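Beneath this line is the structure, given in C-alpha cells, with notes to follow.
The values are calculated or read from the model by the stated rules, or taken from the named source; none is laboratory data. Source: prediction; values computed, not measured. Counting neighbours? That spans all protein chains shown, and the Cβs are built from the backbone with ideal geometry, glycine included. Only protein heavy atoms, including side chains, enter the accessible area calculation; ligands, DNA and RNA are left aside. Shrake-Rupley method; radii C 1.70, N 1.55, O 1.52, S 1.80 Å.
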Amino acid sequence: MGAQHPEQPARLSAIADQLISSGIVEHLKPYEAPLATDEQLARVHPLEYVRAIREAAPEEGTVHLDPDTAMNRYTLDAALRAAGAGVMATDLVVTKKATSAFCPVRPPGHHACRARAMGFCIFNNVAVAARHAIEVHGLERVAIIDFDVHHGNGTEDIFSDDEHVLMASIFQHPFYPYSGTEDPAPNMHNVPLSAGSGGKELRRAVQEVWLPALEKYKPQLVLFSAGFDAHVEDDMAMLRFTDTDYRWVTEQVAEVARRHAAGRMVSLLEGGYALDALGRSAVQHVRVLAGLNR
C-alpha cells in the first residue's frame with residue numbers, strides 16, 4: 001500500500017514469527033484460504049458492489065477507493081482470500097473438523113459497509129463468515145466480538161436489528177470512524193472508551209455489558225473481529241491495553257463459547273500496527289483459542 005502505509009505485509013510476518021518463536025505453531029494445523037465466491041460475498045454486499053471492486057482492481061500501480069483504502073494488482077485476490085478464510089474456518093469449526101480457527105488475513109474487514117470500502121477494508125470478512133454460518137449451516141445465533149480500537153461500523157451497518165447476530169464491541173471514542181454511540185440497535189452492545197483507557201476499563205466493559213448480553217443470547221458460534229491496535233505500544237490510537245488484556249478478554253469469551261457454542265470460535269484479524277506488540281498479542285489470543293492456556 002506504499003512505504004508509509006501502516007496496513008503492510010510485515011503485519012502477517014510479525015504474527016507468524018511470534019507463533020513460531022512461542023512454540024504455539026506446533027499445535028496448529030495450517031490451511032490455505034480459498035477465494036471467496038461472488039455468492040458468498042453477495043450474502044453481505046450487493047453484487048453491484050462486488051463487481052465494482054473487481055473492475056476497480058488495477059493491473060499495475062495503485063487505485064484509491066477512499067483516502068485510506070487502496071488497491072494494487074495483488075489486493076483483489078488478497079481481499080477475496082481474506083473473506084474466503086472466514087468461510088473456510090467457519091466450515092471447519094461448525095463441522096467439527098477443528099475446534100477453533102484463527103485467520104491472520106489482510107486486508108481487514110470490519111469497516112467495510114454493505115456497499116462502501118473504507119478504513120483499509122474492502123469486504124467485511126467477519127460478516128461474510130457470519131452469514132455463511134447462518135445461511136449454509138443453519139445457525140440461528142452468532143455472536144461477533146470486536147475488540148479493535150476502532151468501531152466496526154461496517155459490521156454494525158450490516159447486522160443492525162438482525163436477530164441472528166449479536167455484536168459486542170469496545171472502541172476508543174471519540175475516534176475514527178466516529179460511530180457506534182448514537183442509538184444502536186438492541187443487538188448491538190457497544191462500549192465506547194475514552195482515550196487513556198486500559199485493562200481496568202476493558203474488564204468493566206466485558207463484565208458489565210458483554211458477558212450478561214452473551215449469556216442471555218446463548219450464541220451457537222462466536223466470531224472475533226480481532227484488532228490489536230488498542231495496545232499501549234500502538235500509536236494508531238490512545239488506548240492502553242497490554243498483551244495479557246488480550247488473553248483475558250479471549251478467556252472470558254471462550255468460557256461463553258464452551259457453555260453455549262460447544263467451544264466453536266473463529267477469529268479474523270482486523271487492526272494492529274505496532275508489529276512486535278501485534279505478534280505478542282496475537283500469540284496470547286491464539287493460545288486461548290487453541291486451549292493451550294489451561
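Sub-8 Å Cβ pairs linking a first residue in the range 2-27 that is over 12 Å from residue 274 (Cα atoms) to a second residue that is assigned to a helix (DSSP H, G or I) and of a type in the set (D, E, K, R), at least 6 apart or interchain, are 18/280; 22/287; 24/287, ordered by first then second residue.
The listed residues are 274, 261, 237, and the only one of them that is among the aliphatic types (A, V, I, L, M) and either over 23 Å from residue 200 (Cα atoms) or out of contact with any strand residue (DSSP E or B) (no Cβ under 9 Å at 6 or more places or on another chain) (or both) turns out to be 261.
The C-beta contact set for the range 241-262 (first residue in contact (Cβ under 8 Å) with a residue 24 or more places away in the chain, second residue of a type in the set (Lys, Arg) and open to solvent by less than 50 Å² (accessible area, probe 1.4 Å), distance under 9 angstrom, 6+ apart or interchain) comprises 257/264.
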